[in-house]
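Please treat every number below as a calculation from the coordinates, not as lab data. Not measured: the values here are computed from a predicted model. Every residue, glycine as well, gets a Cβ built from its backbone with ideal geometry; the counts of neighbours run over all protein chains shown.
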Amino acid sequence: QAAWCELPSRVLLVLTSQRGVQMYDADGSTMVFWHALDVPELPAAHSVFARGIAAAGGRFICVGTSFGAVLVFDIPPKGSNVTLSEVLEQHRDPITDIAAEQGQAPDGAGDLVTADDCGTLCLWSSGEEFTLLGKIPGSGCTCSSVALWNGIVAAGYGNGQIRLWEAGSGRIRAQLGAHARWIYALDLAPLTGKLLSAAEDSFVHVWKLSRDRDTDDIEVQHCHAECVTDTQVCGARFCDPAGDTFAVTGYDLSEILCY
Amino acid sequence: MSARTLPLLFLNLGGEMLYILDQRLRAQSIPGEKARKDEWTDVDRKRVMNDIISTMFNRKFMEELFKPQDLYSKKALRTVYDRLAHASIMRLNQASMDKLYDLMTMAFKYQVLLCPRPRDILLVTYNHLDAIKDFISDSPGILNQVDETFRRLIETYNPLSDGEFQLIRQTLLIFFQDMHIRVSIFLKDKVQNSNGRFVLPISGPVPWGTEVPGLIRIFNHKGVEVKRAEFTTAGNYVTPQREGSFELYGDRVLKLGTNMYSVTRPVETHMSGSSKNLASQAKENIAPNPLAKEELNFLARLLGGLDIQKPAGGESGFRLNLFTTDEEEEHAAQTRPEELSYKVINIEATQEPARRAELSRILGELDVAEPRPGSAGKGEDLLALMDGL
């Protein structure tokens, strides 16, 4: 996986693989840091890899692993003195995705969500020591992608469903029969609350999330559907914070399609 | 990437290979009494199928296969199938072998791509195994071997999670990435476009466990459903009727992995060599010793496990042609685009002393049937084979 991690002081490009985690300068010219995973001599039945990347708390970069552990790295404002600050061990299944709060979290809602192969979601509050605020148990269906906005967790699952959870209480607030196949990517546009979902069924959907601060009602509407003919969509991202444009990648596709 | 992918890759590709060989052998076979010495009969066809299947499901081979390991390179895997296809009295020219491998790989790529759930790859595998059991239904010994492997698959794979299957699926898709060989039967059935890409339908039954897209349900903070809304898309999905069976016997429901060839439908491929990606692929692995030591030992074991029947009196023996005529086969060999050539590795067992020792040791431990001296034609060779049983 590859992700830009925006911190107040710097932007790092983080890559995860079967070997571990690599962090590069924003222009890709220097490798700032490299963390190797414990890879066994001979291949074992259980795969080893790092997966799930997010910047949190203005100071940390969190990366998930196939062991279920989440590595928290403390990033200095300059230089390569990155340290492993903490290892969060609440998940028992391989981590699939991690997301940080992109809007304004209500009190007690936390600013980080981690997801795993079993569908379990953990909500955290970042800091010198991360605190587990809540856990939403999975039902066995993989949560492949997750986003967090204004205390709403948007989770995409392997059975094509999107669920919206309230981060503070851990309650389910919406269930969307969104896709007919495995959801590969979710992205959120923080200025408008637009949610992008992309799956193997060739479809990309744009949704609009909203949260009423007074009534605490959470609403979601379907805005647009796009079919990328004969393509299993593997990646989708908004290109701007308002969600006016988005880009899509797919299996066997050497192009990036922009909408 | 998943280290549990190789058995699935090997068995499914093997299954496709058997479908194709069976179809070609049937198409080219002559009724027993009328056949000349060098023509195929039903007895020959069954013999070939039995030999290949029993080699494929050889116990030692299977044990090696099921060990957690990375996927072989395309070249190394191709060499394994080359050996497998020659496990019997049948011979294939390079052009026919190339075509066979193209068909096998594109067929399985299609099946992996279209699997509704990642776990359905198992149903595809079971479909192949069900058909293989049918091919050797009157050979209880080989049937036992296949059933043993079947049970091993069930034991190893049935308990895996969706996430692990998705990883296996991704490993397979990476292996097949950028392969766009056009297959006649796919083009005719409109499952493949003229640019080589597969058609992904946006209609039909949704995977088991998925709901038909279109419904939005909103809950209040007490968990009570307060609103429903619908949205529409171009897709036209329906609910599936039932789930396929993952047991040793059962209705798999899924059609992917069943035999799509029949005697009347010829199997052709078109070479589309214009892709840029293929050109870059061909540049890799030109190193003189592309096989890693481990892979060579694995193949050596496979070689060692074979009863090497050399067709007496020269190489042609009982040749199977995957094309309609010999001229077509010749033409295909000459016009195959450079970037699509498999550059099959010829293992020079005599090159390195260490390797030679290893191979000799393995061969020495096994009985290798000596080719009967003086046998000149197919009839005598068959007799010789039967005498040796």
Inset, instruction - Mark the label point 7 Å from the Cα of B:L248 along Cα→Cβ and return the residues of the range B:140-162 whose backbone N is within less than 15 Å of it. - result: B:140-156
Legend entry - Two-site FRET efficiency, B:V226 against B:T156, from Cβ-Cβ distance with R₀ of 41 Å, rounded to 0.05: 0.35
Inset, instruction - Rank these for me by crowding, B:I202, A:I183, going from fewest to most other beta carbons within 10 Å. - result: B:I202, A:I183
Inset, instruction - Jot down the radius of gyration and Dmax of chain A, Cα atoms only, both in angstrom. - result: 17.6, 57
Legend entry - Shape box of the range A:1-123 [Cα atoms, principal axes, largest first, Å]: 41, 38, 21
Legend entry - Cut-off under 5 Å, modelled amide H: who pairs with B:A3 long-range: A:S47
Inset, instruction - Using per-residue counts of other Cβ atoms within 10 Å, averaged over each peptide, order A:16-24, B:63-71, A:174-182 from highest down. - result: A:174-182, A:16-24, B:63-71
Legend entry - the range B:85-172, Rg to Rh (Cα coordinates; Rh as Kirkwood inverse mean 1/r): 1.03
Legend entry - Neighbour-count order for B:I168, B:I181, B:I218, fewest beta carbons within 10 angstrom listed first: B:I218, B:I181, B:I168
Legend entry - Dipole magnitude of the range A:1-53, debye to nearest 20 (Cβ charges: Lys/Arg +1, Asp/Glu -1, about Cα centre): 80
Inset, instruction - Please get the size of the charge dipole for the range A:17-146, origin at its Cα centre, with Cβ charges of +1 on Lys and Arg and -1 on Asp and Glu, quoted in debye to the nearest 20. - result: 160
Inset, instruction - Per residue of B:197-207, count partner chain C-beta atoms within 10 Å of its C-beta, then hand back the mean as an integer. - result: 5
Inset, instruction - Name the shape class, rounded, prolate or oblate, that the alpha-carbon gyration tensor gives for the range A:125-259, where a ≥ b ≥ c are the square roots of its eigenvalues, rounded holds for a/c under 1.5, and otherwise prolate holds if a/b is larger than b/c and oblate otherwise. - result: prolate
Legend entry - Simple label model, 7 Å out from Cα along Cβ direction - A:L42 to A:T215, nm: 6.3
Legend entry - Förster radius 30 Å - calculated FRET efficiency between A:L257 and B:T258, Cβ distance, rounded to 0.05: 0.30
Legend entry - Of A:P137, A:Q175, A:L148, farthest towards positive along the dipole that unit charges on Lys, Arg, Asp, Glu beta carbons give the range A:115-181: A:Q175
Inset, instruction - First measure r as the distance between the Cβ atoms of A:S9 and A:R171, then evaluate 1/(1 + (r/R0)^6) with R0 = 30 Å and state the FRET efficiency to the nearest 0.05. - result: 0.25
Inset, instruction - Once every Cα of the range A:1-62 carries one equal point scatterer and solvent is ignored, give the base-10 log of I(q)/I(0) from the Debye formula at q = 0.18 Å⁻¹, two decimals. - result: -0.65
Legend entry - Taking B:V80, B:V212 and counting other C-beta atoms within 10 Å, the order from fewest to most: B:V212, B:V80
Inset, instruction - May I ask for the equivalent-ellipsoid semi-axes of the range B:3-129, computed as the square root of five times each C-alpha gyration tensor eigenvalue and listed largest first in whole Å? - result: 28, 16, 14
